[in-house]
Amino acid sequence: MRIRTFIATYLLFLAVLFSSVGIVSFYLNKTQINMLKDKCAGQFQTIVSSLDRDVAVTWGRNGLADADFFENVEMLIRGYAKYYLRHNISITMIDYRLSGSEPPPSEIAFYNNDGVYFILISGLLSEPFGYFLLDYRMDITESITEMRMIQNILLISMVAFSVIAAIGLYLVLTSIFRPLAVVAEASREISNGKFDERIPVNAKNELAQVAIDFNKMAEHVEHQIFLFAEEAENKQQFVDNFAHEMRTPLTAIYGYAEYMQKAPLEDGEVVEISERIMNRAGYLKDIANSLLELAMLRDYKPKIKEIQVQHLFDDIAQTLAEPIALAGINFIYNTNAYMIKGQEDLLKSLMLNLCHNAIKACPRNKGIISMEAKEECGGITLAITDDGCGIPKESLAKVTEPFYRVDKARNRKEGGTGLGLTLCKRIAEAHGAEMSIESGINVGTTVKIKYLQLHDNSEII
């Protein structure tokens, strides 16, 4: 593009330059010749006036019958011719009475005879000597040569200026198009997979703004590609984990079924193996239900209504009464908030999941779980705290990933699917809230649901 712009601009420049110089040269040439014609015409009139007087004097001295009149006139013309010849002017005079023909009209003309330039003027003397025709010819070759020399110098200067202008134009265009070249190079690098490529910006002009916008676009593209890669990795990890979770119970079910088919079993053994198959099938059913809930929560808009916090907590405590009693755990709850907004069944499911996790984490017959709601930062925060085994620091960022388990053996034994915290996070996000987890080994865990601003398009009923 730079070369094409240079060629087009330079050709346009040459066309304008040569046209201008041609017009100026033609004008100067014509003006010079006209000036010379005017000069010659003035000199011709001066010579004619002088000859009129001298011829009249000669005629008056000799009379009409004087045979020497014509000879004296010729001598007079030779004197004029000798004088003006020193000024490159040739003068001749013809007596048309002797030629027997009519004298031609007066004229002034420019002639070029094999490189010799001259101006010719012909005219009659005044009456009563109007039969004398005076020819005036001035050699202007020197003036024309000087003018041509000036034109040649102008042409050479123009060619030199054109070369200098070409170099200057190329340097200017190179400077102007350098940012575009950098943009093109950066685009090629990005197309080759180097998404962190950026353009250095050192100026403040339109092209610099192009570079700034390009960098913003590149950052956006890099961010989107990072998100796509992360999403693809998460999907692949989900598939891998899902396959791993499904394989163990399916293998067990297949093994038990094959054993029932091939081995002679008593009624008690059949019942026992059937229960084991049902337990594994129930585990698969729990995974399927959890996956359906996750799918339902994708882009889900909760049906928002006002919920009494105390009523919600009482309902959760009643639901947890049996498992808490079996575990011998002390469960306490309190609230200083009266009302929250949300979809009650989803919030109850979220809190129950967190409470079940807390029950599993607490030691038997001495654990403490607390559930509270309090107003802070212009919203309401729900919190579940336990004094259980805690979560390792390196696992905190992963516990909300599908099928992730800190202690895989213990969770499978207790029937966990590895999707509980994932569901909790999705429910919180659907309500415009943020779920945070604080934990320490043998210290306990606190999970907070911090309410943020409600979605504008939530349906309040």
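The values are calculated or read from the model by the stated rules, or taken from the named source; none is laboratory data. Fair warning: this is a prediction, and the values are worked out from it, not measured in the lab. Virtual Cβ from ideal backbone geometry, glycine too; neighbours counted across all protein chains shown. Keep in mind that these areas ignore ligands, DNA and RNA; they rest on the heavy atoms of the full protein, side chains included. Shrake-Rupley method; radii C 1.70, N 1.55, O 1.52, S 1.80 Å.
A few notes on this one:
- Counting DSSP beta bridges with both ends in the stretch 313-445, the antiparallel % (nearest 5): 65
- Loop-located trypsin sites (Lys or Arg not before Pro) in the stretch 296-384, at most 15 other Cβ atoms within 10 Å (DSSP): Arg298, Arg364, Lys366
- Accessible solvent surface per residue of the stretch 115-174, calculated while the other protein chains remain in place, 1.4 angstrom probe, Å²: 52
- The solvent-accessible area of His356, taken with every protein chain present and a 1.4 Å probe, is close to 80 Å².
- Three-way shape label, the stretch 71-198, alpha-carbon gyration tensor, a/c 1.5: prolate
- Converting the Cα gyration tensor eigenvalues of the stretch 2-160 into ellipsoid dimensions via √(5λ) gives semi-axes, longest first, of 50, 14, 11 Å.
- For Glu401, solvent-accessible area (1.4 Å; no DNA, RNA or ligand), Å²: 50
- Met35, Met1, Met147, ranked by accessible area, largest first (probe 1.4 Å): Met1, Met35, Met147
- For Gly444, neighbours were defined as the other residues whose beta-carbon sits under 12 Å from its Cβ, and their charges (Lys and Arg +1, Asp and Glu -1) total -3.
- Computed over protein heavy atoms with a 1.4 Å probe, the carbon and sulfur contribution to the accessible area of the stretch 301-451 reaches 49%.
- Order of exposure, largest accessible area first, which applies to Met217, Met435, Met158, Met260 with probe 1.4 Å: Met217, Met260, Met435, Met158
- When Asp345, Asp135 are compared by accessible area at a 1.4 angstrom probe, the order from most to least is Asp345, Asp135.
- The share of accessible area on the stretch 145-190 that comes from carbon and sulfur is 78 percent, using a 1.4 angstrom probe.
- Each distinct pair of alpha carbons in the stretch 301-451 adds a 1/r term; the inverse of their mean, the Kirkwood radius, is 15.6 Å.
- Cα-projected label distance for Gln308 with Arg53, points at 7 Å along beta-carbon direction, nm: 13.9
- In this view, the solvent-accessible surface of His87, computed with a 1.4 Å probe and all protein chains in place, comes to about 100 Å².
- Ligands, DNA and RNA are left out, and with a 1.4 angstrom probe the accessible area of the stretch 301-451 is 48 Å² per residue.
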